[in-house]
1. Select, from V482, V492, V506, the only residue that is surrounded by fewer than 23 Cβ atoms within 10 Å (Cβ to Cβ) and either modelled with pLDDT under 95 or of a type outside the set (S, T, Y) (or both).
2. With respect to the numbered conditions (1) over 14 Å from A320 (Cβ atoms); (2) open to solvent by 20 Å² or more (accessible area, probe 1.4 Å), which one is the sole condition not fulfilled by S372?
3. Looking at A59, A52, A36, A143 in this structure, which one is of a type in the set (A, V, I, L, M, F, W, C), touching a residue at least 12 places away in the same chain (Cβ under 8 Å) and open to solvent by less than 20 Å² (accessible area, probe 1.4 Å)?
4. Among the helices (runs of 4 or more DSSP H) contained in the stretch 163-278, which hold 3 or more residues that are surrounded by fewer than 16 Cβ atoms within 10 Å (Cβ to Cβ) and at pLDDT 95 or above?
5. If I filter the stretch 519-540 for residues that are without any contact (Cβ under 8 Å) to a residue 12 or more places away in the chain and outside any strand (DSSP E or B), do I get at least one hit?
6. Search the stretch 279-300 for residues being of a type outside the set (G, A, S) and farther than 24 Å from V476 by Cα, and hand back the single one that is surrounded by the fewest Cβ atoms within 10 Å (Cβ to Cβ).
7. Got at least one residue in the stretch 561-576 being among the β-branched types (V, I, T), closer than 25 Å to A428 by Cβ, open to solvent by less than 10 Å² (accessible area, probe 1.4 Å) and touching a strand residue (DSSP E or B) at 6+ places or on another chain (Cβ under 6 Å)?
Amino acid sequence: MTSNTVLPALRRHIATLGLDGVVIPRFDAHQGENVAPHDERLRYVTGFSGSAGIALVLADRAVIFVDGRYQVQVRKEIDLEQITVSHFYDFPIERWIETQLGSGMRIGLNTMLAPASLHDKLDKAMSAAGGELVALDADPVDAVWTDQPPPPLGRISPFPLTFAGETSHAKREQIAQKLAGLGADLMVEAQPDNIAWLLNVRGSDIANMPMPHSFLLLDRDGGVEWFVDGRKLPNSRDDFELDGVAVRSPETLLEALARRAEGRSVLVDPQFAPAAAGLAVNAANGRVVAAMSPITVAKAVKNGVELQGFRDAHVTDGIAWTEFMTWLHDTVPGREVAGDPLTELEAEARILEFRQRGDNFAEASFRTISASAANAAMCHYASSEATNAPITSRGPYLIDSGGQYFTGTTDATRTTAFAPVGEDIRNAYTAVLKGFIALMTAQFPEGTTGHQLDALARRPLWDLGLDFDHGTGHGVGHYLAVHEHPQRFAKVHNPHALATGVIMTVEPGYYRENEFGLRIENQVETVAGPPGFLRFETLTLAPIDLGLADCSSLTAKEKAFLNDYHRRVREALSGRLSASAEARLQAWTAPIAP
């Protein structure tokens, strides 16, 4: 179905509910950026396939709100005659409601699909507009989605101590102590990666996300109720660490929460727990403690086993990267001359094949961004049969790709070209490279947060009057989510300090609509520097293409960084590659002349 048929059906249904409109978040009940086909409600209604967005559907109009990553993509995917586009941050939905909505209107929201922070913003905006936000128990989109896929039932497996590095019991004790320190008797957890980390399990409900959909209640004594579909668990659970864990049906979460919340203080994460949880606590005369989940904070700091796992995974991943880039440069020119150019989808499949040869590889960590020429201007582009562009010498090629290994999760981006590039591309790429180096080499005081460092990666672009409309880096989970909270590099304020053991990405870029996109990304480990300071140590081991850069404009320190980085790559990978890849490695990592 298309928006031409879905929107009329949805409008007819919400009218029967006595509503004037409905809010459709991209979220599922776990407030994550990756959702199962069952939960692709925003895509079903609008056609937008990105990982972040929200729509408001009224009787006579509809508007979708997306951030800077998707401003180009959304206009290619939706029917612009039926749906208008607004910026998620510059003119967000709550401001749109306050300024555009008439008084007396009733707008529905499924409170299991929105965190408390969003619910409260919408509620305040509706009040300011003279309307009412109506909490819904059933989702209006589901009522008109006749061929909606069923909820996922991916198998759950134990995650052994050899990879996890810490028992589930020890983690539960640690979190219970933090819970008591926050003045809470009980906490609600809805984030699948947090639950998987706490219980030392992994799952398969969503591709590239090795964690099961479930909910959890943890009390300050360490007792756990795990709300998970029992069909996902094997009959024998001897290898699981489930002592002290009561397994319940997910459908009973709100009932159990209401029963246990009466007269108690319950921690509910306002950003990542469904608003329905806080509403249930309030209805039961409990007290909501609105705070970030202590599991999120603890999980971000990797233990020694996890850190060594990351290092091992990146050697394996570096081999795959180098073999792939060798194959790419060996293949593109000949295919182009023969009139049968290599395509984005072929390249995407090929890098997966190289990863599958490595030890401990499970699956990709996200859908590879294989983007040629103008398609790379959409920084979160996903190639399809309809958009599958040739990879040729006529423009740069960007690939952002990663792997899920039992030992760690990888994520890196490289931009390359198969012929000399124009001055505008060279200047922009050189600025991206300089910004990348600036953040990679930063030394900063303990207590520093990501937004305080973000400008380091942007300054060289700013000097040219350029910028990019996405964050400069994110946390990474350990065989969990490739985008992990809470640390982040971005212009937006982030209160969570970097600390030793936190894994981040560094990924500045530049994008010119309908022409090209450029990005360089490494994964890094936050390590101790001089007393009172921290710095980054690279994890990614893949050559950086310097053929697009003006190396003569690099400073001595920038050249020294690149030479040292490429020496490390060469030493880590040499002797582990095919003969052709070995030759390319030596050439690509050769020192730059002073």
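1. Details: V482 fails: surrounded by fewer than 23 Cβ atoms within 10 Å (Cβ to Cβ); V506 fails: surrounded by fewer than 23 Cβ atoms within 10 Å (Cβ to Cβ).
From the options V482, V492, V506, the qualifying one is V492.
2. Evaluating S372 over (1) over 14 Å from A320 (Cβ atoms); (2) open to solvent by 20 Å² or more (accessible area, probe 1.4 Å) leaves (2) as the failure.
3. Details: A59 fails: open to solvent by less than 20 Å² (accessible area, probe 1.4 Å); A52 fails: open to solvent by less than 20 Å² (accessible area, probe 1.4 Å); A143 fails: open to solvent by less than 20 Å² (accessible area, probe 1.4 Å).
Testing whether each residue is of a type in the set (A, V, I, L, M, F, W, C), touching a residue at least 12 places away in the same chain (Cβ under 8 Å) and open to solvent by less than 20 Å² (accessible area, probe 1.4 Å) leaves just A36.
4. Values: elements: 168-181, 192-199, 253-261.
Passing ranges, in order: 168-181.
5. Of all residues in the stretch 519-540, those without any contact (Cβ under 8 Å) to a residue 12 or more places away in the chain come to 531.
Applying the additional criterion that residues be outside any strand (DSSP E or B) yields 531.
Taking every residue of the stretch 519-540 in turn, at least one turns out to be without any contact (Cβ under 8 Å) to a residue 12 or more places away in the chain and outside any strand (DSSP E or B).
6. Keep residues of the stretch 279-300 that are of a type outside the set (G, A, S), which gives 279, 281-282, 285, 287-289, 292, 294-297, 299.
Subsequent filtering for residues that are farther than 24 Å from V476 by Cα retains 279, 281-282, 285, 287-289.
Details: L279: 18, V281: 26, N282: 15, N285: 11, R287: 14, V288: 21, V289: 20.
Only one residue tops the list, namely N285.
7. Initial filter on the stretch 561-576 (among the β-branched types (V, I, T)): 569.
Okay, now just the ones that are also closer than 25 Å to A428 by Cβ, so 569.
Okay, now just the ones that are also open to solvent by less than 10 Å² (accessible area, probe 1.4 Å), so 569.
In the following step, the residues that additionally are touching a strand residue (DSSP E or B) at 6+ places or on another chain (Cβ under 6 Å) were identified as none.
No; the residues of the stretch 561-576 include none that is among the β-branched types (V, I, T), closer than 25 Å to A428 by Cβ, open to solvent by less than 10 Å² (accessible area, probe 1.4 Å) and touching a strand residue (DSSP E or B) at 6+ places or on another chain (Cβ under 6 Å).
The values are calculated or read from the model by the stated rules, or taken from the named source; none is laboratory data. Only a predicted model underlies this, so the values are computations on that prediction, with no experimental measurement involved. Ideal geometry is used to build each Cβ from the backbone, glycine not excepted, and the neighbour counts take in all protein chains shown. Side chains included, ligands, DNA and RNA excluded: accessible areas come from the protein's heavy atoms. Shrake-Rupley method; radii C 1.70, N 1.55, O 1.52, S 1.80 Å.
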